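As structure tokens, the structure follows; a few thoughts come after it.
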Amino acid sequence: MSHEPEVLLPNALKPAEVSGIILSAENQVATIVVPNDQLSLAIGKRGQNVRLASRLTSWDIDIITESEFDERQKGDAAGLAEVAESNKKFSDSANITIAESEEKIKTGGEKEEV
């Protein structure tokens, strides 16, 4: 028997098929991805399968379908794009401020008349 969570968790949820695992070792939380038609099998009647697997492995287990995983990935990608755009705007603004400061230093704090 393996003590590696990558092996232990899917085995604890058998006979359900597992498509993927996302582990947070510091929190001992596992997100298990299963095919859409395997969700009820993985969770079990009234959550019994997932509760037993959680006790057996000492991990908190969150089970999601492949569809839910794909939606989360799309949401994460959109969120990352927003952060990147925000960082670009901040960077552009900071570069303008630095350029203005450098110009003031060169001219002794006075703006040149054109």
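Would you please name the residue that is farthest from residue 70 (Cα to Cα), looking only at residues in segment 16-52 that are part of a helix (DSSP H, G or I) and in contact with a Gly (Cβ under 9 Å, 6 or more places away or on another chain)?
The residue in question is 52.
If you check 48, 38, which single one turns out to be loosely packed, with under 11 Cβ neighbours inside 10 Å and among the polar types (S, T, N, Q)?
48
Go through the residues of segment 57-71 one by one and say whether even a single one is in contact with a Phe, Trp or Tyr (Cβ under 9 Å, 6 or more places away or on another chain) and either closer than 14 Å to residue 16 by Cα or in contact (Cβ under 8 Å) with a residue 24 or more places away in the chain (or both).
Checked segment 57-71: no residue is in contact with a Phe, Trp or Tyr (Cβ under 9 Å, 6 or more places away or on another chain) and either closer than 14 Å to residue 16 by Cα or in contact (Cβ under 8 Å) with a residue 24 or more places away in the chain (or both).
Which residues, counting only those in segment 2-38, are of a type in the set (Gly, Ala, Ser) and more than 21 Å from the chain's Cα centre (by Cα)?
2, 12, 16
Where a number appears in this text, it was derived from the coordinates with a stated rule and is not lab data. It should be emphasised that the depicted structure is a prediction, and the values quoted were computed from it without experimental measurement. In this analysis, Cβ positions are derived from the backbone assuming ideal geometry, glycine residues included, and neighbour counts consider all displayed protein chains.
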